[in-house]
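Below: the structure, in structure tokens.
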Amino acid sequence: FTLGSGLSGEESDLITAASLDIPGRFNLLGRALFDTDLEFRRADVELSATGKKADFGLSYVLLTEDDTDPNLGLIPEREEIALSGRYRFARHWEIGGRWRYNINEKRSVNFNGKLSYGNECINADLTLRRRFATLSGVEASTEVGFQVRLAGLGAASDKQWPAQRCGT
């Protein structure tokens, strides 16, 4: 394993986690990573709320400065927040998205949005993905997609989506 993986040598890093879960409604999860000297390296917290028509998520990630892997060089400290959500605004229609923001660089990292239609015969999604340019030279990109799936064929579908059988 590489030096920065936390798995090199005879001892590995220590991972801790704690969660609070109210099934079907609310979840809070916190995790932390410490190196073999018990120096703090990473933390993340996720909060999600789920309902019949809507879901909401919020997350925070902190990665401390890291120079343990000579192949990667110095990786600066990074803090990010992310917001996600979905809302079923009509029987067959749903809208959703996810946005990530880099707190250190004070800029958006990416955005994904989706408008969905579903009935007993088809599921259709119109998606927009936007990756924003970075200070390290990664160029911005935008993708628009459209996907149609036949409902009830192949993998199991979302049980909350409209009817489960086509043509009845």
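Structure data summary
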| quantity | calculated |
| --- | --- |
| Residues of region 44-70 classified as assigned to a strand (DSSP E or B) and farther than 28 Å from residue 22 by Cβ, total | 2 |
| Matching residues in region 102-115 - criterion: being more than 18 Å from residue 140 (Cβ to Cβ) and either assigned to a strand (DSSP E or B) or open to solvent by less than 30 Å² (accessible area, probe 1.4 Å) (or both) | 114, 115 |
| The one condition in (1) within 23 Å of residue 50 (Cβ to Cβ); (2) modelled with pLDDT of 95 or more; (3) open to solvent by less than 80 Å² (accessible area, probe 1.4 Å); (4) not small (Gly, Ala, Ser) that residue 128 fails to fulfil | (1) |
| Residue count for region 27-50, restricted to those that are over 15 Å from residue 66 (Cβ atoms) and loosely packed, with under 13 Cβ neighbours inside 10 Å | 1 |
| Failed item, numbered, when residue 48 is tested on (1) of a type outside the set (D, E, K, R); (2) at pLDDT 95 or above; (3) farther than 14 Å from residue 85 by Cα | (3) |
| Selection from region 65-99 of residues that are open to solvent by less than 60 Å² (accessible area, probe 1.4 Å) and within 19 Å of the chain's Cα centre (by Cα) | 79, 80, 81, 82, 84, 85, 86, 94, 96, 97 |
| Single condition residue 56 does not satisfy, out of (1) in contact with a Gly (Cβ under 8 Å, 6 or more places away or on another chain); (2) without any contact (Cβ under 8 Å) to a residue 40 or more places away in the chain; (3) open to solvent by less than 70 Å² (accessible area, probe 1.4 Å) | (3) |
| Residues that are surrounded by 15 or more Cβ atoms within 10 Å (Cβ to Cβ) and part of a strand (DSSP E or B), drawn from region 131-148 | 131 |
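Each row is one residue, and each column tells you yes or no for (1) part of a loop (DSSP other than H, G, I, E, B); (2) in contact (Cβ under 8 Å) with a residue 40 or more places away in the chain; (3) touching a helix residue (DSSP H, G or I) at 6+ places or on another chain (Cβ under 8 Å).
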{"residue": "15", "(1), (2), (3)": "no, no, no"}
{"residue": "36", "(1), (2), (3)": "yes, no, no"}
{"residue": "72", "(1), (2), (3)": "yes, yes, yes"}
{"residue": "80", "(1), (2), (3)": "no, no, no"}
{"residue": "84", "(1), (2), (3)": "no, no, no"}
{"residue": "100", "(1), (2), (3)": "no, no, no"}
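The values are calculated or read from the model by the stated rules, or taken from the named source; none is laboratory data. All figures in this text were calculated on a predicted structure; none of them were measured in a lab. So basically every Cβ, Gly included, is an ideal-geometry build from the backbone, and we count neighbours across all protein chains shown. The accessibility values were calculated without ligands, DNA or RNA, using every heavy atom of the protein model including side chains. Shrake-Rupley method; radii C 1.70, N 1.55, O 1.52, S 1.80 Å.
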